[in-house]
Amino acid sequence: MSLARLVLASLMLTFVCAMQAAAAVNIGFNYPQTGRYKDQGLQERLGAFMAVEEINQAGGIMGQPIELVIRNNSSDPEQGAANTAEMIDKHDAKMVFGGVSSAVAISSGEAARQRDRLYFGTLTYSNATTGSAGHTHMFREPYNAWMAAKAISKYLAAKHAGQNYYYITADYTWGWSTEDSMRRFTDTLDKQAHPGVKTPFPRAHLSDFRDALESAAASDADVLVMVLFGDDMVRALNMAYEMGLKDKMQVVVPNVTLGMAQDVGPTIMEGVIGGAPWVWEVPYQYNYPRGQKFVEEFVQRYEMRPSSAAASAYSILYQYKDAVERAGTFQTAAVIRALEGYRYSLLKDEQEWRAFDHQNVQTVYVVKSKPREEVMKDPLGADYFEIVDTLDGNSAAKTLEEWQEERRAAGKPTNL
């Protein structure tokens, strides 16, 4: 072996030994492994594991490897908060992330705040997360219900102007804020003209969805807005198809993921309109090389396409690493300052951690599910979404004045 190779091998061995000797940085990962949102939780896990391996291979965070402390929140707010407290108190987690249920994100974020730790919401769409319930220690990576509704409504105004709507809504914070936002931007605030029903969460039964869909069928609605997520959306949409409602109404799912589409299947999903902060088709349609690399490496690793849940978890870990290293410390207040107002591009175009509410401001995509034959052209049978419209983040997000109005209405101060 040449001297140069010996030196290189020695340096590599020294680096590996140093990484092994360095104390691991514990990061709490609080996601649903069971319950109605478990499929989205699995995608979060896959994205997080991929990011951790990449970051550790590149030297960790400030020379310290990441170690995930993993807990199952079962989409239960009390369990989510208890998990967060335990991960920080017993394992000194420097940051906690995860979610799917907004109620879980809000309760978990509060537990993190009480312990002076950051909480990153991974799949939490309720306006309250960074609105009425927002605080200094909560950062939300995806868009919120307001942003999704504003983008979808822009598209619906062009395609379904003047039509009647019917709402089926999960009865908790995400469902309420999504329906309220959709009604506001589609001019369907009149509940006599545009009625709706609530379904229980998290323990809705098939009979609850059937009753709701029968009420929708008996109405004169042209547009059926299904404010349901995860397994609830899958079960209700299958039932709507069996009842023939998809032939009579345009179905809108305000927040749709690849996993939900795959669980429903391409025949039933065809023509469904939804909103998403990211789908795997985005980096190819708009030529974002880093996003393409993420998709291709995810496919190579897991033999499936990544969803927005995987992209969110992956992005959060990279953004936390970047903020800590720019701050030069894991100290929470310094990391908050490093995040606030920071602009970056990772898997799509430019995003910003907005300073006044810690909402991630980003482009919103309106998608329409493709016909079965187009979906199945993909080698993995997962090319579900045609991007039919977009709305830039600054146009989609609440203004400072609108955010302050929400805070005042909730009896909260007009700053975090």
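The values are calculated or read from the model by the stated rules, or taken from the named source; none is laboratory data. Note that the coordinates shown come from a computational prediction; the quantities given were computed from them, not determined experimentally. Reconstructed Cβ throughout: ideal geometry from the backbone, glycine too, with neighbour counts over all protein chains shown. For the accessible areas, the whole protein counts, side chains as well, though only heavy atoms, and no ligand, DNA or RNA atoms are used. Shrake-Rupley method; radii C 1.70, N 1.55, O 1.52, S 1.80 Å.
Pairs are defined by a Cβ separation below 8 Å, a sequence spacing of at least 6 or placement on different chains, a first member in segment 236-255 that is under 24 Å from Arg203 (Cβ atoms), and a second member that is part of a helix (DSSP H, G or I) and acidic (Asp, Glu); the pairs so defined are Met243/Glu214.
Considering segment 387-416 alone, what residues qualify as being among the basic types (Lys, Arg) and open to solvent by less than 50 Å² (accessible area, probe 1.4 Å)? Lys398, Arg407, listed by residue number. For the residues Lys246, Lys191, the requirement of being charged (D, E, K, R), farther than 19 Å from Gly274 by Cα, open to solvent by 40 Å² or more (accessible area, probe 1.4 Å) and touching a helix residue (DSSP H, G or I) at 6+ places or on another chain (Cβ under 9 Å) singles out Lys191.
When segment 165-176 is filtered for residues that are assigned to a helix (DSSP H, G or I) and either in contact (Cβ under 8 Å) with a residue 60 or more places away in the chain or among the basic types (Lys, Arg) (or both), the ones remaining, listed by number, are Thr173, Trp174.
If only residues of segment 18-29 that are open to solvent by less than 40 Å² (accessible area, probe 1.4 Å) and modelled with pLDDT of 95 or more are counted, the one that is nearest to the chain's Cα centre (by Cα) is Phe29.
Screening Gln300 with (1) in a helix (DSSP H, G or I); (2) under 16 Å from the mean Cα position of the chain (by Cα) gives one miss only, at (2). In this structure, Ser307 does not qualify as open to solvent by 10 Å² or more (accessible area, probe 1.4 Å) and at pLDDT 95 or above.
Within segment 155-188, restricting attention to residues that are of a type in the set (D, E, K, R) and closer than 22 Å to Thr390 by Cα, the residue that is surrounded by the most Cβ atoms within 10 Å (Cβ to Cβ) is Glu179.
Is segment 311-323 home to any residue that is of a type in the set (Asp, Glu), open to solvent by 50 Å² or more (accessible area, probe 1.4 Å) and out of contact with any Gly (no Cβ under 9 Å at 6 or more places or on another chain)?
Scanning segment 311-323, I find no residue that is of a type in the set (Asp, Glu), open to solvent by 50 Å² or more (accessible area, probe 1.4 Å) and out of contact with any Gly (no Cβ under 9 Å at 6 or more places or on another chain), so the answer is no.
In segment 181-192, the residues that are without any contact (Cβ under 8 Å) to a residue 60 or more places away in the chain form Cβ pairs under 9 Å with partners that are open to solvent by 100 Å² or more (accessible area, probe 1.4 Å) and part of a loop (DSSP other than H, G, I, E, B), at six or more places apart or across chains, as follows: Arg183/Leu189; Arg183/Lys191. Listed by first and then second residue, the pairs linking a residue in segment 398-416 that is touching a residue at least 24 places away in the same chain (Cβ under 8 Å) to a residue that is of a type in the set (Asp, Glu), with Cβ atoms under 8 Å apart and 6 or more places separating them unless they lie on different chains, are Lys398/Asp357; Lys398/Glu406; Trp403/Asp357; Leu416/Asp357. Annotation: Trp280 fulfils all but one of (1) open to solvent by 10 Å² or more (accessible area, probe 1.4 Å); (2) in a helix (DSSP H, G or I); (3) hydrophobic (A, V, I, L, M, F, W, C); (4) within 30 Å of Glu179 (Cβ to Cβ); the unmet one is (2). Of the candidates Gly259, Gly275, the single residue that is buried (at least 24 other Cβ atoms within 10 Å of the Cβ) and at pLDDT below 95 is Gly259. On the stretch given as segment 368-384, residues that are closer than 19 Å to Phe298 by Cβ and crowded, with 21+ Cβ neighbours inside 10 Å total 3.
One residue alone among Phe139, Phe185 is touching a helix residue (DSSP H, G or I) at 6+ places or on another chain (Cβ under 7 Å) and under 27 Å from Asp39 (Cβ atoms), and that residue is Phe139. Would you mind finding the one in Arg290, Arg354, Arg337, Arg343 that is under 27 Å from Ala261 (Cα atoms) and modelled with pLDDT of 95 or more? Testing whether each residue is under 27 Å from Ala261 (Cα atoms) and modelled with pLDDT of 95 or more leaves just Arg290.
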